[in-house]
Each structure stands twice: as structure tokens, then as C-alpha cells.
Amino acid sequence: MKLLPRLILAALAPLAFSVHADEKVLNLYSARHYQTDEALYANFTQQTGIKINRIEGKEDELLERIKNEGSNSPADVFLTVDAARLAKAHELGVFAPVNSKVLDSRIPANLRTEDWFAFSKRARIIVFNKAAIKVDEVQTYNDLANPRLKGKVCSRSGSHPYNLSLMASIIAHEGEANAEAWAKGMVANFARAPKGGDTDQIKAVAAGECGVALTNTYYVARLLRSTKPEEQKNDGEGRFHLAQSGHHRHPHQRFRRRHAEDRTAQGSSRQVPRISRL
């Protein structure tokens, strides 16, 4: 089992259109809080004259709000994180289908469905303690289920969307039987019961509580940039390492198209670097 491609970071998903074009306001329910998005919103408003009214909150809370609002929801666009949450929203039937040649041409088929589009993705990578694990022992996800790592694997809850999406990806690539066998093997190698978030897994590896764990790449970047003394100790002493591995168009449609244009210009696919500092 090779290291799978980066998973979806966030997706732009259309809801039933509720704002009249002449109002020039787009209601955006967003679970993302990144500075890079601010430039996107500003550029969209500057180029279209459409104001963005943001309703922010946590992913599951916003989805529950949209579901409760039902047909009276003012939401035009739902911006959220991770494919697992998108699948849940799709099952709830809160999305409206979208037909856009622009989006279809700019967003790969594997990163879109009939009612949502992904605009960025991330890697779920392996981090390991260099003092306890050899690099050739953790080259793929499959290695995490190898009995030689018994008592050395840390993980956050398997019910978290990050791990649900990873499991879904493995099922898609390897089949249900192989994915189940892998999951059982990984659980058998746990150093402790699942707890905490991705940052906690990295810290546990660095502290020697376990030898290897999975995390999203940006959690490593956050530790590297952290000014907290305890986190500088974790990432500064080389205790853990990364394994290689048209004018009639509605505002929400214009927003999705503009977002696709911006992301295409920035480059949607990046190589995950090997960080020599770790």
C-alpha cells in the first residue's frame, strides 16, 4: 500500500440559492479561518461588486444550523473542511446540484461531485521518533499495521473526520477487506488508547510516548513556527521526523468560479517537502 495522495483540505459546496442577484450579497457559511481566504474574499468583491456576508463557526455546528434552517436557510455557499463532512452534508440533502463548465475544467474529477467542489488538499503523513523507529520501517500506511511496530503507534480517535476520510481513501484504493485488515493491524499496534488531536500525536512521538503517528502536514508547520518554549523543545531537538512519502450567473456560482481561478493561478498541487530540521 503506497502513501496515498493528499486528502481534501476544504471544499466549496453550493447550497440552494437564496440571495437575489440584484442585492449583491452572498451569504457564506464558513468553517475556515485562514488569512489566505481574506484575499480571496476581497478580490471577489472587488471584481464582482458582490459583498460577502460571512457566518462563521465550527464545521458540524454550521451543518446542523443549515439543516435546522431547512428551506428558509439564507446560506448560499457552505465552506467546510474534509471529505467526511461533505459526505455527511450530501446525505442530509442540503446541497443543490451545480453545472459549471468552468469548474469542471479547472477542478479534477476526483475532487468534485455533482454538488460540491474541492479547492485545496493536504497530506496525512507519518511522523516518527528517530531514536525508536528506522525510516525504512515507516514508508507507507501499510507499515503502521506491521507487527514490528506493536506498542509504538499513537492515534487520535478513529471517529474523527480526518481518520474517517483516510479510511475511506484506503477502502477506495485497496478494497474493504484489505482496509479492515489494515485498521485491525494498526489498532493492535497502539501504544495507548486514542486521544487528543494531531498536535498531541506529534508531541507524544517527540516525547517518546510512542514511536510513530499520523498527522496532517500543517500541524507540523504550526509546531515549527510556534514560539511556545515547550513546543520549541519538541520540534527543535530533532526528536521526530517526517516519512517521505455570464451576467446572468448567480453570485454563488461566480464565487465558486472565481475561487477556482484564484486557486488555479496559485497552483493546486504541491510536493510535500522533507523538512531537514525535524
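Descriptive notes on the structure:
- Contacts under 8 angstrom Cβ, first residue in the stretch 145-158 being in the same structural domain as CYS210 (by TED's automatic domain parsing), partner surrounded by fewer than 19 Cβ atoms within 10 Å (Cβ to Cβ) and among the aromatic types (Phe, Trp, Tyr), 6 or more apart: GLY151/PHE190; VAL153/PHE190; CYS154/PHE190; SER155/PHE190
- Exclusive hit being in contact with a helix residue (DSSP H, G or I) (Cβ under 7 Å, 6 or more places away or on another chain), part of a helix (DSSP H, G or I) and either crowded, with 17+ Cβ neighbours inside 10 Å or at pLDDT below 90 (or both), set LEU103, LEU62, LEU86: LEU103
- Odd one out for LEU111 among (1) under 17 Å from the mean Cα position of the chain (by Cα); (2) assigned by TED's automatic domain parsing to the domain that holds ASP200: (2)
- Residue within the stretch 188-197 that is at pLDDT 95 or above and either in a helix (DSSP H, G or I) or within 26 Å of ASN110 (Cβ to Cβ) (or both) present: yes
- Tally of residues being closer than 18 Å to LYS150 by Cα and surrounded by 14 or more Cβ atoms within 10 Å (Cβ to Cβ) across the stretch 173-186: 6
- ASP82 touching a Pro at 6+ places or on another chain (Cβ under 6 Å) and closer than 30 Å to LYS184 by Cβ: yes
- Residue count for the stretch 33-52, restricted to those that are modelled with pLDDT of 90 or more, exposed (fewer than 13 other Cβ atoms within 10 Å of the Cβ) and not aliphatic (A, V, I, L, M): 3
- The set of residues from the stretch 65-83 being hydrophobic (A, V, I, L, M, F, W, C), assigned to a helix (DSSP H, G or I) and at pLDDT 90 or above comprises just one member, ILE66.
- Test for ALA118: is it buried (at least 17 other Cβ atoms within 10 Å of the Cβ) and either assigned to a helix (DSSP H, G or I) or not charged (D, E, K, R) (or both): yes
- Check on THR80, within 27 Å of ILE171 (Cβ to Cβ), touching a helix residue (DSSP H, G or I) at 6+ places or on another chain (Cβ under 6 Å), hydroxyl-bearing (Ser, Thr, Tyr) and surrounded by 14 or more Cβ atoms within 10 Å (Cβ to Cβ): yes
The values are calculated or read from the model by the stated rules, or taken from the named source; none is laboratory data. This structure is a prediction, so every number in the text was calculated from the model and none was measured. Note that each Cβ is placed from the backbone with ideal geometry, even for glycine, and that neighbours are counted across all protein chains shown.
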